[in-house]
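Here, each number is a calculation from the coordinates, and none is a lab measurement. Treat the numbers as computed from the prediction; the structure is a model and nothing was measured. Methodologically, a virtual Cβ is constructed for each residue, glycine included, from the backbone with ideal geometry; neighbour enumeration extends over all protein chains shown.
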Amino acid sequence: MSPLRTALVAQLLGGAIAASLIQIAYPRLFAAPLIAAAVQGLCAALVSDKLGGAKWWLIIHLGFLPAALSVGRLGSGLGIDPAWYFVCFVALLLIFWRTDKSQVPLYLSNAATASALAALLPEAACRVVDLGCGDGGLLRKLAARRPDCSFVGIEHAPLPWLWARLASLRWPNLTIRYGDFWRLRLDPFDVVYAFLSPVPMPHLIAKARSEMRSGTLLVSNSFAVPGIKPELSVAVGDRRDTILYCYRW
């Protein structure tokens, strides 16, 4: 079952269980919506845990309905048109897109990481790709530093892709593509950069092994490949204590 379906089932079953418990034990609790919502959140979290949902979903289940009710009450008190909730939902969807499917949140690489990555690039001109480039900020910094190199970013979330595409127009050595980076061949590139999550790392390393050429470099921000020792680990020295794990083929 996909994470999104697991979450939906947990919320529905949690609601049914909470309603049944309240009806049996203390029906007057229905007159206190926030407390009833808290009971539903607890039940949903327990169901999610039993279904094998990720641990970080537990916090979402605990707070989802209470937060929704609180925001609704606040918006009603401020006279906010309910249509704005739909607008916000669409905006968030376009920014984060199918994070539930990709299991890759929107991570943005900072300036310190860009400097560290620039130091890892070959002295000669090379081709670099950022898998899931977000707003393209990292690539813009690299493109400005290394005009002799060619940079490619690929992003599947519509709004970050659009932002990256428009912001990159002034750099002739930077191209932003829209799409699924799993469908992109890696053999044309000398350096592959990825800031993903622990979940897709085994898949990424398998793809790199089958497609990357001998002597090329894979750099993973923050997430090491399980069971494989990197050739080099670079401590960026930023507030996040970022480490770049480097694998040479």
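The phi-based Karplus calculation (6.51 cos²θ - 1.76 cosθ + 1.60; θ = phi - 60°) puts the 3J(HN,Hα) values of the stretch 41-55 at x, 5, 5, 5, 5, 5, 5, 4, 5, 5, 7, x, x, 4, 4 Hz, whole numbers, x for Gly and Pro. Placing a pseudo-label 7 Å from each Cα along the Cα-to-Cβ vector at Asp49 and Arg209 gives an inter-label distance of 3.6 nm. With the simple spin-label model, which puts each label point 7 Å out from Cα in the Cβ direction, the Asp238 to Leu12 separation comes to 4.1 nm.
Taking amide H positions as modeled 1.01 Å from N, with prolines and chain starts lacking one, the residues under 5 Å from Thr175 and 5 or more places away or on another chain are Phe151, Val152, Gly153. Across the stretch 111-248, Cα-Cα distances exceeding 18 Å account for 52% of all pairs. Legend: P(r) of the stretch 3-80 from all alpha carbon pair distances, 5 Å bins from 0, whole percents, reading 3, 18, 24, 21, 16, 12, 6, 1, 0.
Suppose R0 equals 35 Å; then what is the FRET efficiency for Asp187 and Ala83 from their Cβ-Cβ distance, rounded to the nearest 0.05?
0.15
Simple point charges give the picture: +1 on the Cβ of Lys and Arg, -1 on the Cβ of Asp and Glu, and for the stretch 181-249 a dipole about the Cα centre of about 160 debye.
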